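Engineer: Mind looking over this structure? Questions follow.
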Amino acid sequence: MFFLYLADRKSETGGLMGKQGCVLQDYEVRRIVSLLASTYMTIPEIAQRLGCSRSAVVSINRKFQVRDYAGHRSTWNVSPAYKQESELYA
C-alpha cells in the first residue's frame with residue numbers, strides 16, 4: 001500500500017498542521033501511474049476521476065518519476081521507461 005501521511009501536530013500558534021492522509025490501494029497507485037504515463041489528462045483530472053486529492057497524484061508522480069514538468073504546469077515529458085511501456089499497449 002502507498003501511504004500519504006501528514007502528521008497531526010500543533011504549530012507554534014497552537015493550531016493543527018496537516019492531518020492523516022488517505023490510503024491508496026496498490027491497484028489505485030498502478031492506475032494513477034498508468035494514467036500519468038499514457039494519457040494527456042492533467043493532475044486535477046486524474047485526481048477527480050479516481051476520487052483522490054491532487055497532492056496524492058503529485059506524490060505518486062514524484063515517487064515513480066513518470067512525468068517531468070521541468071518547472072511548467074501545463075506541459076510535461078513522460079519518462080523514457082514509461083514511454084516505452086505505454087507504446088506497447090497502444
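We did not get these values from a lab; they are worked out from the coordinates using the rules stated. If you're wondering where the values come from, they're calculated on a predicted model, not measured in any experiment. Using ideal geometry, Cβ is built from the backbone for each residue, glycine included, and neighbour counts are taken over all protein chains shown.
Engineer: Let me know the charge dipole size of the stretch 30-84 about its Cα centre in debye, to the nearest 20, where only the beta-carbon of Lys, Arg (+1) and Asp, Glu (-1) is charged.
Structural biologist: Values: 9 positive and 2 negative charges, 26 e Å.
So the magnitude is around 120 debye.
Engineer: Which distance in nm do the two modelled labels at Val58 and Thr75 give, with both placed 7 Å along the Cα-to-Cβ direction?
Structural biologist: Inter-label distance under the simple model: 2.1 nm.
Engineer: Kindly rank 66-73, 42-49, 31-38 from highest to lowest mean number of other beta carbons found within 10 Å of each residue. Show your work: numbers first, answer last.
Structural biologist: Working: 66-73: 12.1, 42-49: 16.0, 31-38: 19.2.
The most tightly packed comes first, giving 31-38, 42-49, 66-73.
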